[in-house]
Amino acid sequence: MSTKLIFEHSRPDRQGHTLPASDVPTRSFAEYIPGGLLRKKPAELPEVGELDIVRHYTGLSRLNVGIDTVFYPLGSCTMKYNPRVNEVVSANPGFADLHPYQKEEDVQGMLQIMYELQEFLKEISGMSAVSLMPAAGAHGEWASLMLMKAFLDKNRGGRTTVLIPDSAHGTNPASSIYAGFRTVEVKSNDRGLVDLDDLKQKTDDHTAVLMLTNPNTLGLFEDRVTEIAKILHDKGALLYIDGANLNAIMGITRPRDFGADVLHFNLHKTFSTPHGGGGPGSGPIGVSEDLADFLPAPVTGKKDGRYFLNYDIPHSIGRVKSFFGNVAVMVRAYAYIKMLGAKGLKRVSENAVLNANYLAARLKKDFLLPHDRICMHEFVLSGSRQKKHGVATKDIAKRLLDMGFHPPTVYFPLIIPEAIMCEPTESESRETLDAFVEAMLQIAQEARDNPDIVLNAPQKMPVKRLDEVKAVKEPHIRWKPEAK
Ligand SMILES: *Cc1c(COP(=O)(O)O)cnc(C)c1O
């Protein structure tokens, strides 16, 4: 398709509309706008026909690479299919037209959904209380850290550091610093799991919390997590679980049962909802009984069959967002959980794990799999063999675009050189997984026999090789008339 700008389609006096002549006497702008504010020459707006406009924007919309168009195995992001019924439900005017200032009596249905969603998340995680307010995972982390800080300041004092494994997602240290903590890195052992000796050495009277992702970002379950919890609890510190990877364990194990004091959920990952590109998210947090009095207020309560917003939380850290959180995402998650039920959610996790293991087993023929054992819902390859032929992981990612796939997450986690992190999710069919494997194996072959094909990819995308740094730091996204 043409990737011309709408301005480049412009021809003088071409119109996209037909309006009858006005029968209202018109005044000139000069009569009521001060002269100094008037344009000296007409704005340079594109002059295009309606059909040109339709084709232009339809064409642009087709450039989107998304889960609705291609396989999107973006590790750590759980880019699963969002069942359309979720969209139908959340777009229902009964939900979509609500206003957050409406009286509680008038929004009992919405409050019921929020209340029941809190209950579902409690059941799935084993936690005692849930707040739905945070707007995304990173926001849930930050809210949790503020809450743990308030709890520790009140009860244990002097807690200044957050321990973070070297495989952690970048939001973990960022949220910690934002919440006023210092961070200390904990090493991984040769099995890709937290090194318990290192953890013991670094846990002391200043330790507030360990932020642990389980399964971790290598897709490996921290099988000594109850020992990890004990090391922390013995020193009066807390265990935080980054719940972004819940898609591997729903209905199989629960963070509270393996020692979590606090966790966040990513409704937009585990419980469907389109996400990415900064789109709407929801990052509820769950806490153990001891910390429930510190949750952001309000949470949704139920009394005598009526639902209400409970502001009466004794040590609440207060609001972390305007109103009540991203309720449209909550409605989608609620619909998803109701549709699948307890058995269905468990099957989601089982199939996500099965799909990941199938991909890993087939891909390790040509790609190095540093931790070669049964994984959870995702796994991390290394492009180091291909690197020997001068083909880097970023080249493999660009070549995949030409072959009709969104690339996996690359160069994360940082502890695997040339990392390629695949998360197929449960939604994908055997045929799609096989097609992805064939593409990856073909790229491995090209890297050996004809690396130029890979090094010159992508050929089929509207833009080719962008400057790695400037494309982000100096994006050219604005049309300027003088540049013509
Ligand atoms: C996605 C993710 C986060 C952050 O969640 P957002 O909703 O993107 O803010 C945190 N930790 C892990 C492991 C993640 O995958």
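The values are calculated or read from the model by the stated rules, or taken from the named source; none is laboratory data. Since this is a predicted model, take the numbers as computed values, not measurements. Don't worry about glycine lacking a Cβ; one is built from the backbone with ideal geometry, like all the others, and counts go over all protein chains shown. The area values use the complete protein model at the heavy-atom level, side chains included, leaving out ligands, DNA and RNA. Shrake-Rupley method; radii C 1.70, N 1.55, O 1.52, S 1.80 Å.
General observations
- Three-way shape call for the chain based on the alpha-carbon gyration tensor, with the a/c threshold at 1.5: oblate
- Amide hydrogen proximity for SER128: with H placed 1.01 Å from N in the peptide plane, the residues at 5 or more positions away or on another chain lying under 5 Å are VAL287, SER288, GLU289.
- Helical segments meeting 24 Å axial Cα length and Kyte-Doolittle -1.0 threshold in the chain (DSSP H): 108-125, 137-155, 327-363, 430-449
- Protection-proxy order for peptides 68-76, 21-29, 260-268, 173-181, each taking the mean of Cβ atoms within 10 Å per residue, highest first: 260-268, 68-76, 173-181, 21-29
- Legend: distances between Cα atoms for LYS388/LYS464; LYS269/LYS387; LYS338/LYS365; pairs beyond 30 Å are LYS269/LYS387; LYS338/LYS365.
- Relative contact order (%) - criterion: Cα under 8 Å, at least six apart; region: the chain: 18 percent
- Cross-link reach is defined here as a Cα-Cα straight distance under 20 Å, omitting same-chain residues fewer than 8 places apart; for LYS398 the aspartates and glutamates meeting it are ASP68, ASP366, GLU418, GLU423, ASP434, GLU438, GLU446, ASP449, ASP452, ASP467, GLU468.
- Peptide packing: for 364-371, 394-401, the average count of neighbouring Cβ atoms within 10 Å per residue gives the ranking 394-401, 364-371, highest mean first.
- Look at the dipole of the stretch 325-481 built from charges on Cβ: of PHE436, ALA471, HIS371, the Cα furthest out on the positive end belongs to ALA471.
- Report note on the peptides 122-134, 459-471, 442-454: ranked by the mean count of other C-beta atoms within 10 Å, highest first, their order is 122-134, 442-454, 459-471.
- Amide H contacts under 5 Å for PHE379, placed H, 5+ residues apart: CYS422
- Expressed as a whole percent, the accessible area of the chain that falls on carbon and sulfur atoms is 54 (1.4 Å probe).
- The stretch 84-340 - percent relative contact order, Cα under 8 Å, separation 6 or more: 28 percent
- Using the Karplus relation 6.51 cos²θ - 1.76 cosθ + 1.60 with θ = phi - 60°, the per-residue 3J(HN,Hα) values for the stretch 316-325 come to 3, 6, x, 6, 10, 7, 5, 6, 10, x Hz, with x marking Gly and Pro.
- Cross-link reach list, lysines versus LYS40, counting only Cα pairs under 18 Å and skipping chain neighbours closer than eight places: LYS480
- Under 26 Å from LYS103, Cα to Cα: lysines that are on another chain or at least 8 residues apart: LYS302, LYS303, LYS321
- Summarising the amide proton neighbourhood of LYS302: residues at separation of 5 or more, or on other chains, whose placed amide H is nearer than 5 Å comprise PHE308.
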